[in-house]
Amino acid sequence: MKNDYEARNTLAKDVSSGINDVIEGLIKSQERAKSIVADNVYMLWLEKFANIYPLFSDDTWLYKPDAIPKEDSENVAELCSFFNGLSAYAEKNFLPTYSEDYTSYICIKFNNVGYEIGLVSGQGTYAYCQKVDISSGRFFIDFNDIVADKKQPHVDEVDETLSKISNLIERLLISGVPVTAIYARINDTIDKYTEE
């Protein structure tokens, strides 16, 4: 009986330790995503590197890490953190993150050059960077706004409108309107503007 107790206690400690490790990893990842866009250091490296490699991913040199200098290899490995930092800024400021098939990407501009930074997910996930023309078809976030953590001019208005929508939904739910009816109507409206 004592062995069962000790085994359960050991298992509980192992599970707890594993959970703590995962949480610690997530916190470090979020901190890195925030810090990598807090200044121009990474972007300046990316600007130079993308002049040599206008399209690359964080797995391009996976099996040949010595093909590029160690500093470049370390920075290439940070591409996912960079995407996460850009994504956090875009979400906070109601700016677009584009999605196509298994790809999510954000368009940024720096020194009048456009970059598409994205994640491709399938059986695994990899981050990529591609230099692109700044086009009117997509919204390019000015990287200097990200570094400055500049609040975009439309944020307060969007936030206020979303709060009104939330309050209307709450009133509908309180009055007994089924969630499925509300959800269907909202999806129909969104589908009108997202169908291609």
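Tabulated results
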{"read-out": "Per residue accessible area of region 66-193, 1.4 Å probe, in Å²", "value": "64 Å²"}
{"read-out": "Difference of contour (0.36 nm per residue) and Cα-Cα distance, TYR98 to GLN30", "value": "22.4 nm"}
{"read-out": "Cα-centre dipole for region 127-166 with unit charges at Cβ (Lys and Arg positive, Asp and Glu negative), debye to 20", "value": "180 debye"}
{"read-out": "Selection from SER73, THR125, SER175 lying farthest towards where the dipole of the chain points positive, charges on Cβ", "value": "SER175"}
{"read-out": "Region 140-196 - Kirkwood radius from inverse mean 1/r over Cα pairs (Å)", "value": "14.1 Å"}
{"read-out": "Greater than 22 Å apart at Cα, pairs in LYS109/LYS150; LYS70/LYS150; LYS150/LYS192", "value": "LYS70/LYS150; LYS150/LYS192"}
{"read-out": "Sulfur and carbon atoms: percent of accessible area, the chain [1.4 Å]", "value": "53 percent"}
{"read-out": "Additional length obtainable on full extension of the chain from ASP142 to VAL41, 0.36 nm per residue less Cα span", "value": "34.8 nm"}
{"read-out": "Debye-sum result for the chain in log10 I(q)/I(0), which assumes one identical scatterer on each alpha carbon, at q = 0.07, 0.08, 0.11, 0.16 Å⁻¹", "value": "-0.33, -0.42, -0.71, -1.10"}
{"read-out": "Prolate/oblate/rounded label for region 65-173 (Cα gyration tensor, a/c 1.5)", "value": "prolate"}
{"read-out": "The chain - charge dipole about Cα centre, Lys and Arg +1 at Cβ, Asp and Glu -1, debye rounded to 20", "value": "300 debye"}
{"read-out": "Per-pair calculated FRET efficiency, R0 = 25 Å: LEU162 and ASP133 via Cβ, rounded to 0.05", "value": "0.15"}
{"read-out": "Contact order relative to length of the chain, as percent, for alpha carbon pairs under 8 angstrom and 6 or more apart", "value": "18 percent"}
{"read-out": "Residue-averaged [θ]222 nm for the chain, counting only DSSP H segments that reach four residues, each worth -39500 (n - 2.57)", "value": "-18500 deg cm²/dmol"}
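The values are calculated or read from the model by the stated rules, or taken from the named source; none is laboratory data. Worth saying up front: this structure is predicted, and the values here are computed from it rather than measured. Positions of Cβ are backbone-derived with ideal geometry, glycine not excepted, and every protein chain shown enters the neighbour counts. Just so you know, the surface numbers come from the protein's heavy atoms only, side chains and all, with ligands and any DNA or RNA stripped out. Shrake-Rupley method; radii C 1.70, N 1.55, O 1.52, S 1.80 Å.
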